[in-house]
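Report on the following structure.
No lab work stands behind these numbers, since they all come straight from the coordinates. A quick note: this is a predicted structure, and the numbers were derived from the prediction, not measured. Backbone-built Cβ (ideal geometry, glycine too); neighbour counts: all protein chains shown.
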Amino acid sequence: MFKGSWKTTSAGITMVVGGIVGIYFSIKNGTFNEAVATTSLGGILGGIGLICARDNDKSSEDVGTK
């Protein structure tokens, strides 16, 4: 899953961490609401998608998939 796709993986990890940090600080400050939850969840799910994705400049053969 991580072979050869460091660019998309690092972007995905950044999105997931950003979503989690956003939730943490909004709960800590007492400002957690539906908008924060929706935005953070979208970032986390998008980050998971990027973690599972392959870089555009890598072919299937380069990363060992068929």
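List of remarks:
- Phi to ³J(HN,Hα) by Karplus 6.51 cos²θ - 1.76 cosθ + 1.60 over the stretch 37-54, Hz, x for Gly, Pro: 4, 5, 5, 5, 5, x, x, 5, 5, x, x, 4, x, 5, 4, 7, 7, 10
- Summary of packing: across the peptides 7-18, 28-39, the per-residue average of other C-beta atoms within 10 Å ranks them, highest first, as 7-18, 28-39.
- Amide H partners (placed H, <5 Å) of R54, local residues excluded: none
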